[in-house]
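Accompanying notes for the structure given below.
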Amino acid sequence: MEAWIEAMFSQTFVDEAIDRFGIQKIGVKKLGDFENYVFEVEEKNTSWILRFTHSSHRTIEEVKSELVWVNHLYDEGAHVARAYPSKYNKMIEIFSSENGQFFACLFNKVPGRAVKVDDPIFGSPLFEAWGKEIGKLHDISMRNQVSVKRQRWDAGDLLQFDRYLSKTEDARIIIEGKRLIEEIQTFHETGKTFGLIHSDVHYGNFHFDGKSIHLFDFDDSMYHYYISDIAIPVYYAVWQKCGTASLTERSTFATEFLRSFLKGYREEIHVSDEWLKTIPYFLRLRDFELYTVFHKKFDVERMNDKEKGMLDGIRSRLMRSELIAKPAFEELKNRIENA
């Protein structure tokens, strides 16, 4: 979290929000504070997720829209964290600060458990379930196009390269990033290719119960190409599993990951081979977005060794125009057809 926002946040907000949502707490644990403040609040027989979003990050209309869409997905049978109202029947409780407001929302804690890349379960059955749930989301989004106030992908703050990057040291990256955006903007937008998506379905944003994945954190939901919701899982699975390996090794893993992921995805909805071939554009776009994130959220001169290593890896790929992975689409197509 940015330091100026951190300075305004108070434990008093947490205590008051717990009261407003009518939770009889027996324990509170902080889970995260990167873009939102997130807490797990325990009651006797259940656990809740309490989230605070600062108005500099999302408008209240955007947060309302997120909650409307999440609950629509839940009602349609998707495995997602549902949003619940306060005891005053408000979906959002507002807390004023010196500069802006904090919007408090409450979600149920989804079943299952968190997954790490070194877990034995980080393999084909999980990848297939991962694809199946994303396919379910896309099917719902395509069939019931809910009109909510969320940004288009190309209006996102993380694509404002001039705002966060050095115009001297990062001049080439800025130019190439803008060029990539313009190229993706030429892709066709239809009801079957473009709509409301989660946009950040990495393994840290779901739990796995051994059969299905249960999604949460729809904070980045936006209007985007559906294919991006396939590229993002590929990106993070590769980055965390074998990000420091050679391009060949990363690409081999990406191909295997996609084979299982698409098996599940296509149980719910079809995606054409032609659209799959656009995945590299979205893998590269995520590198640009993460490069911006590091410069927005961190003092890059004071990062620890791990953070600096991640940033250097992204910068190196961008400067060499190298993808995090190059899935073998023809091999993938043949193996799926033979299966």
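The values are calculated or read from the model by the stated rules, or taken from the named source; none is laboratory data. No experiment lies behind these values; they were computed from the predicted model shown. Because the Cβ atoms are built from the backbone with ideal geometry, glycine has one as well, and the counts that use them run over all protein chains shown. Ligands, DNA and RNA are stripped out before the accessible areas are found, and what is left, the full protein with its side chains, is counted by its heavy atoms. Shrake-Rupley method; radii C 1.70, N 1.55, O 1.52, S 1.80 Å.
When Phe52, Phe329 are compared by accessible surface with a 1.4 Å probe, the order from highest to lowest is Phe329, Phe52.
Let me know the charge dipole size of the stretch 185-311 about its Cα centre in debye, to the nearest 20, where only the beta-carbon of Lys, Arg (+1) and Asp, Glu (-1) is charged.
280
Per residue, the convex hull spanned by the alpha carbons of the stretch 160-222 comes to 135 Å³.
Excluding ligands, DNA and RNA, the accessible surface per residue across the stretch 258-339 is 51 Å² with a 1.4 Å probe.
By the combined test of axial Cα extent (at least 15 Å) and Kyte-Doolittle hydropathy (mean at least -1.0), the qualifying DSSP H helices of the chain come to 60-75, 124-143, 171-184, 228-242, 247-265, 279-297. Farthest toward the positive end of the dipole of the chain, out of Trp153, Phe122, Ser246, is the Cα of Phe122, where the dipole comes from beta carbon charges about the Cα centre.
The order of Lys326, Lys192 by accessible area, most exposed first and with a 1.4 Å probe, is Lys192, Lys326.
Rounded to the nearest 20 Debye, what is the dipole magnitude of the chain about its Cα centre when Lys and Arg each give +1 and Asp and Glu each give -1 at the C-beta? I would put it at about 340 debye.
In whole percents, the pair-distance distribution calculated for the chain from its alpha-carbon pairs, binned every 20 Å from zero, is 29, 60, 11, 0. Expressed as a whole percent, the accessible surface of the chain that belongs to carbon and sulfur atoms is 48, based on a 1.4 Å probe. Annotation: amide H of Ala83 within the under-5 Å range of Asn71, sequence separation 5 or more or interchain, hydrogens built in the peptide plane.
Close amide H pairs (under 5 Å, H built 1.01 Å from N) link Leu31 with Val38, Phe39, Glu40, residues at least 5 positions away or on another chain.
Residue ranking by accessible heavy-atom surface, 1.4 Å probe, largest first, among Glu301, Glu307, Glu274, Glu189 comes out as Glu301, Glu274, Glu189, Glu307.
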